[in-house]
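Below is one structure, written out as structure tokens; the observations come after it.
Values in this text are rule-based calculations from the coordinates and carry no lab data. All values reported here derive from a predicted model rather than from experimental measurement. So basically every Cβ, Gly included, is an ideal-geometry build from the backbone, and we count neighbours across all protein chains shown.
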Amino acid sequence: MNDEYSKKVCNYLVSNNIVDKKIADELYDEAVKNGLNVFGNLIKRKIDNEENVTKIKAKFLNVDYINLKEDLIDNEVLKEISEKAALFYRFIPFEKQGNLIKIGMVDPVNVEALDALKFISVKRNLKTNIFVISKSSFNSAVKQYRKFSEELKNVLKNVDQVIDKKDDRKSNKKDIDKISEEAPVTKIVDIIITHAIEGKASDIHIEPNENSLAVRYRLDGILHNSLILPKKISSAVISRIKILASLKIDETRKPQDGRFRFNISGNSERSVDLRISTFPTVNGEKIVMRILDTSSDINDLESLGIFKRGLRIINENIEKPFGIILVTGPTGSGKSTTLYAMLKLLNKEGVNIVTLEDPVEYFMKGINQSQIQAEIGYTFSSGLRSILRQDPDIIMVGEIRDKETAELATHAALTGHLVLSTLHTNNATGVISRLVDMGIEPFILASSLNVAVGQRLVKKLCNHCKEKIAPSPAILDLIEKELKDIPEDQKQDLNLEEGIKIFQGKGCEECKKTGTSGRIGIYEVLSMTPELESVMSSNSFTDHEIVAESKKQGMVTMKQDGIMKAILGLTSIEEVLRVTEE
């Protein structure tokens with residue numbers, strides 16, 4: 001480190017009030033006499049932590065900063081620079097967009113590293129965008145070479161030996177067992193699952209293509225490519241997963257469902273459940289694994305995004321001793337999570353809570369949870385009959401799918417039980433028509449239904465990089481129209497005195513340049529009122545009459561709830577329109 005560079009760094013630290021002149025002089029002397037790096041010495045002296053010092057370094061060099069400790073780097077991106085070069089020069093590729101590749105560098109002023117990077121980029125016809133990373137960030141990221149590349153090489157080498165001996169047309173259970181029990185195949189499945197869990201993915205998709213096996217992770221509702229494996233190990237990987245889930249490994253012609261528990265070793269060992277679904281395609285069996293982290297805490301209703309009137313109505317109705325509370329929305333809209341949040345409030349000493357689920361996604365102490373098994377005739381309807389003989393106070397049924405279950409649920413509600421369940425409809429008002437279509441008489445439904453909750457999930461804006469913007473004229477017009485129909489007491493927190501503003505995420509290192517982080521719900525809550533019961537007393541009532549009555553009782557629709565959350569900066573208006581406009 002030359003003296004002039006160290007002097008500039010020290011002057012920068014003083015001028016930006018990071019250290020005083022006395023400390024800066026000491027840092028400079030140690031850099032000159034002992035060859036100590038000024039930024040490294042800040043960490044050594046514990047003046048600041050490593051990541052903050054790296055951010056200071058990035059600002060000094062006028063280079064972007066990024067933290068790669070939690071990032072999952074696509075294997076195809078890692079292939080652009082060899083592990084040997086990455087370790088020697090302490091740089092690592094972490095993202096690729098077209099021919100632009102993003103590189104994390106520990107020392108962006110290292111001339112040799114810059115020359116090596118220039119050589120690689122010219123050779124591969126790539127443009128580079130350099131980011132500063134800390135040593136620990138680099139050390140964490142570089143491990144992914146070993147987790148993916150080296151282990152995959154071993155997988156291919158070892159599995160080849162087994163696969164070469166196997167004739168697909170004459171394969172039997174013993175052959176498949178042998179392939180699946182090979183250590184390299186076990187390792188690759190472990191790697192795929194571990195990285196999904198560490199990256200907070202909700203689902204893992206393993207998809208056979210014509211010439212390869214693709215692995216994709218679903219993060220915040222969006223599928224991301226992660227890994228491409230050779231087609232020849234497809235049957236070995238799929239068979240290994242089927243063995244773990246206790247599925248029939250020689251049955252490849254029809255779908256199967258299973259489940260297994262995966263142990264993660266880290267700072268503290270914990271278990272995660274995975275729900276497995278196989279599906280035959282023209283290129284082979286596809287597998288989707290839903291990650292069910294049963295050890296995670298259950299959120300409360302407010303943290304899920306239920307506010308004001310909706311929160312008040314739900315809290316009032318879960319205190320009632322009987323009736324039905326229904327949560328509705330498409331698959332993947334967070335209905336089960338909402339039910340668990342309600343159960344969390346209801347789980348008190350002195351009540352008997354029994355659930356019937358498919359599958360059990362969270363284990364709750366003090367609640368009797370049961371999982372249906374349709375293959376042996378243990379369904380929602382048959383299970384609900386049994387539950388009623390268990391002296392329950394509160395019943396949670398995972399889903400009302402048919403007339404029989406609907407009739408049993410309404411009967412349970414009318415005979416002194418509080419019933420929580422889900423239904424597949426587009427919105428809260430559609431619950432009434434759906435149950436009537438199932439054969440429930442309107443007067444019975446009016447007496448048994450307490451609340452219907454409609455919901456969708458939208459991506460949350462990153463708190464670190466979101467910025468306030470003015471909406472376009474078209475969006476402004478849409479927002480103003482929706483706000484007119486929202487009761488005044490629901491709009492008190494919107495701060496509209498200076499005009500309507502919305503937010504967008506710019507993208508930063510905290511959100512991996514996406515502008516979003518996590519998801520939040522948008523909701524509508526329909527309450528059974530005397531006026532709504534009056535509408536339903538006529539067997540010829542229409543959906544339009546139900547919607548009109550919901551407006552009279554002050555119900556905020558999902559779209560309106562989403563627009564208010566967009567004004568509050570919780571999500572973007574684009575997200576709200578994406579999930580609510582049909």
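Can you compute the helix-only [θ] at 222 nm over the chain? Use -39500 (n - 2.57) per DSSP H run of at least 4 residues, normalise by all residues, nearest 500 deg cm²/dmol.
Value at 222 nm, helices only, nearest 500: -12000 deg cm²/dmol.
Quick one: putting +1 on the C-beta of Lys and Arg, -1 on the C-beta of Asp and Glu, what dipole do you get for the stretch 316-358 around its Cα centre, in Debye to the nearest 20?
Roughly 60 debye, rounded to the nearest 20.
Filter the trypsin sites (Lys or Arg not before Pro) in the stretch 412-515 down to the DSSP loop ones having no more than 14 other Cβ atoms within 10 Å, then list what survives.
The qualifying sites are 506.
Could you tell me how far the Cα centroid of the stretch 482-530 sits from the Cα centroid of the stretch 228-263, in Å?
Each part's Cα centre sits 42 Å from the other's.
Can you give the net charge of the other residues whose Cβ lies under 12 Å from the Cβ of residue 460, counting K and R as +1 and D and E as -1?
+2
Leaving out same-chain residues fewer than 8 places away, which lysines sit with a Cα under 26 Å from that of residue 254?
Of all the lysines, those that pass the test against residue 254 - Cα under 26 Å, at least 8 places apart if same chain - are 166, 170, 173, 174, 178, 231, 232, 242, 286.
Could you tally the net charge around residue 421, taking each other residue with its Cβ under 11 Å from the Cβ of residue 421, Lys/Arg +1 and Asp/Glu -1?
Net charge in that neighbourhood comes out at 0.
Quick one: Debye curve from the alpha-carbon atoms of the stretch 48-120 only, equal weights, vacuum; give me log10 I(q)/I(0) at q = 0.22, 0.26 Å⁻¹ to two decimals.
Each listed q maps to, in turn, -1.11, -1.37.
How big is the convex hull of the Cα atoms of the stretch 300-447, per residue, in Å³?
Here the figure is 115 Å³ per residue.
Relative to the present Cα-Cα distance, how much length would full extension add between residue 488 and residue 316 at 0.36 nm per residue of separation?
Result: 59.8 nm gained on full extension.
Taking a Cβ-Cβ separation under 4.7 Å as the criterion for a possible partner, which cysteines of the chain have none?
Singleton cysteines: 10.
What does the extension gain come out to for residue 47 and residue 363, with contour length at 0.36 nm per residue minus their alpha carbon separation?
Stretched out fully, the residue 47 to residue 363 stretch lengthens by 109.3 nm.
Would you pull out the residues with amide H under 5 Å of residue 556's amide H, same chain only if 5 or more places away, H placed 1.01 Å from N?
Distant-sequence amide H within range of residue 556: 525.
Of 473, 411, 450, which is farthest towards the positive pole of the stretch 339-475's charge dipole, taken about the Cα centre with +1 and -1 on the beta-carbons of Lys, Arg and Asp, Glu respectively?
473
Is the shape of the stretch 417-561 best called rounded, prolate or oblate, per the rule: a/c under 1.5 gives rounded, else a/b larger than b/c gives prolate, else oblate, with a ≥ b ≥ c the square roots of the Cα gyration tensor eigenvalues?
Since a/c reaches 1.5 and a/b is larger than b/c, the shape of the stretch 417-561 is classed as prolate.
Which of rounded, prolate or oblate describes the chain when judged by the alpha-carbon gyration tensor and an a/c cut-off of 1.5?
oblate
For an R0 of 45 angstrom, estimate the FRET efficiency from the Cβ-Cβ distance between residue 481 and residue 97 and round to the nearest 0.05.
It comes out at approximately 0.75.
Using a simple spin-label model with points 7 Å from Cα along the Cα→Cβ vector, what separation in nm is obtained for residue 424 and residue 403?
Here the answer is 1.9 nm between the modelled labels.
Find, among the trypsin sites (Lys or Arg not before Pro) in the stretch 201-277, those assigned to loop by DSSP (not H, G, I, E, B) with at most 10 other beta-carbon atoms within 10 angstrom.
The qualifying sites are 253.
Express in whole angstrom the spacing between the alpha-carbon centres of the stretch 427-444 and the stretch 533-582.
Going from one Cα centre to the other spans 17 Å.
Once you sort the root eigenvalues of the Cα gyration tensor of the stretch 327-392 as a ≥ b ≥ c, which label holds: rounded (a/c under 1.5), prolate (a/b larger than b/c) or oblate (the other case)?
Oblate is the answer for the stretch 327-392, as a/c is 1.5 or above yet b/c matches or exceeds a/b.
Which aspartates and glutamates, on any chain, are close to residue 466 with Cα under 18 Å apart, when same-chain ones fewer than 8 places away are left out?
Output for residue 466: 64, 220, 509, 510, 574, 575.
Per 0.36 nm of contour for each residue apart, how much would the distance between residue 393 and residue 110 grow if the chain were fully extended, relative to their Cα-Cα spacing?
Stretched fully, the residue 393-residue 110 segment lengthens by 95.0 nm.
Below 19 Å Cα-Cα, how many Lys pairs turn up in the stretch 294-388? Only count pairs eight or more apart in sequence, or on different chains, if you could.
5
Could you work out how far the C-alpha centroid of the stretch 379-420 sits from that of the stretch 355-373, in angstrom?
14
What are the ³J(HN,Hα) couplings of the stretch 213-221, residue after residue, when phi is run through the Karplus curve with 6.51, -1.76, 1.60 and θ = phi - 60°? Round to Hz, x for glycine and proline.
Calculated HN-Hα couplings, in order: 10, 9, 10, 10, 10, 9, 10, 6, x Hz.
Run the quick spin-label model on residue 118 and residue 574: label points 7 Å from Cα toward the beta carbon, then report their separation in nm to one decimal.
Each label point lies 7 Å from its Cα, and together they span 3.7 nm.
Tell me the trypsin sites (Lys or Arg not before Pro) within the stretch 338-368 that lie in a loop according to DSSP and have at most 15 other beta-carbon atoms within 10 Å.
Those satisfying the criteria are 348, 365.
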